[in-house]
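*Asks:* Submitted below is the structure of interest, expressed as structure tokens.
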Amino acid sequence: MFQDDRPPSPKAGRDLTLLLARRISKTENETRRNFDGQPHPRNQGHKRQHLTVINTNDSGAGSLRQAILSANTNVGTDTINFNIPGTGVHTITLASDLPAITDPVIIDGYTQPGATQNTLAVGENAALRIEVNGNSKGGFHIITGGDGSTIKGLVLNRFGCDVAGICGAVKLRSNNNVVSGNFIGTDVGGDVDLFVNTQDSNIFFEGKIPQSLTHDRALCRCLF
């Protein structure tokens, strides 16, 4: 019988290695599936979302409400930025309570073009460009799961109580959240009171919950 004693070609070796690698990869992926046939979480990964509010609508694509809902569905800390066309202050008027924040998120009003942070040690010179008019509805509500969220650079006024009877422009019912550099219960300049009643435009705390609040004035209804 004829026997080919020639050594195998390098290409044949590479092809065999590639074939084996593909089979191993396929086997691992099939192993890393849940019993319902869905990919195992280790295969999926969790990417942070950078969501952008592009209009003042109460709901729908590009709205603040939709950005919060989208952030809630993605595991991990997401960021909500603002880029609403036009100069000056943009006002978002609520038609219903904002959805509860159930996953960490950074809501950053300073990302709106034209907004600037306070740079004064005494007084304030912040220029805020995103106003949320609560229209007597429930405000930002950070509950368990939303721990470690941040709300900054917004003007928040005219809020009421939500359907559960909890009042406040910002309601903190989870741990380690940051509320910083907002005008709460005032106009966009931080000078004129705009609130339904004093408790509705304050910050609500529940239980012993470490939080971080930064402000330049002593009154709750001013800069936080």
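To keep it simple, each residue is scored yes or no on (1) under 25 Å from GLY185 (Cβ atoms); (2) out of contact with any Ser or Thr (no Cβ under 7 Å at 6 or more places or on another chain); (3) modelled with pLDDT of 95 or more.
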| site | (1), (2), (3) |
| --- | --- |
| ALA67 | yes, yes, yes |
| SER70 | no, yes, yes |
| VAL75 | no, yes, no |
| ILE92 | yes, no, yes |
| TYR110 | yes, yes, yes |
| THR119 | yes, yes, no |
| ASN125 | yes, no, no |
| GLU131 | yes, no, yes |
| GLY134 | yes, yes, no |
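*Asks:* In addition: Give just the number: which of (1) touching a Gly at 6+ places or on another chain (Cβ under 7 Å); (2) over 18 Å from LEU69 (Cα atoms); (3) crowded, with 24+ Cβ neighbours inside 10 Å does ARG158 not satisfy?
*Replies:* Checking ARG158 against (1) touching a Gly at 6+ places or on another chain (Cβ under 7 Å); (2) over 18 Å from LEU69 (Cα atoms); (3) crowded, with 24+ Cβ neighbours inside 10 Å, the one that fails is (3).
*Asks:* I would also like to ask the following. What's the number of the only condition in (1) in contact with a Lys or Arg (Cβ under 7 Å, 6 or more places away or on another chain); (2) assigned to a strand (DSSP E or B); (3) not small (Gly, Ala, Ser) that LEU156 fails to meet?
*Replies:* Tallying (1) in contact with a Lys or Arg (Cβ under 7 Å, 6 or more places away or on another chain); (2) assigned to a strand (DSSP E or B); (3) not small (Gly, Ala, Ser), LEU156 fails exactly one: (1).
*Asks:* Further, regarding this structure: Which ones in the range 59-90 are surrounded by 15 or more Cβ atoms within 10 Å (Cβ to Cβ) and farther than 26 Å from THR144 by Cβ?
*Replies:* GLY62, PHE82, ILE84, VAL89, HIS90
*Asks:* To continue, here is another question. So which of ALA95, ALA126, ALA121 is closer than 14 Å to PHE183 by Cβ and over 15 Å from the mean Cα position of the chain (by Cα)?
*Replies:* Details: ALA95 fails: closer than 14 Å to PHE183 by Cβ; ALA121 fails: closer than 14 Å to PHE183 by Cβ.
Unique residue meeting the criteria: ALA126.
*Asks:* Pairs under 8 Å by beta carbon, first residue at positive phi in the range 182-193, partner among the hydroxyl-bearing types (Ser, Thr, Tyr) and not in a loop (DSSP other than H, G, I, E, B), six or more apart or different chains?
*Replies:* GLY185/THR198; GLY185/SER201
*Asks:* Another question, then. Within the range 47-83, how many residues turn out to be touching a strand residue (DSSP E or B) at 6+ places or on another chain (Cβ under 8 Å) and among the charged types (D, E, K, R)?
*Replies:* Here the count works out to 3.
The values are calculated or read from the model by the stated rules, or taken from the named source; none is laboratory data. This is a predicted model, so every value here is computed, not measured. Counting neighbours? That spans all protein chains shown, and the Cβs are built from the backbone with ideal geometry, glycine included.
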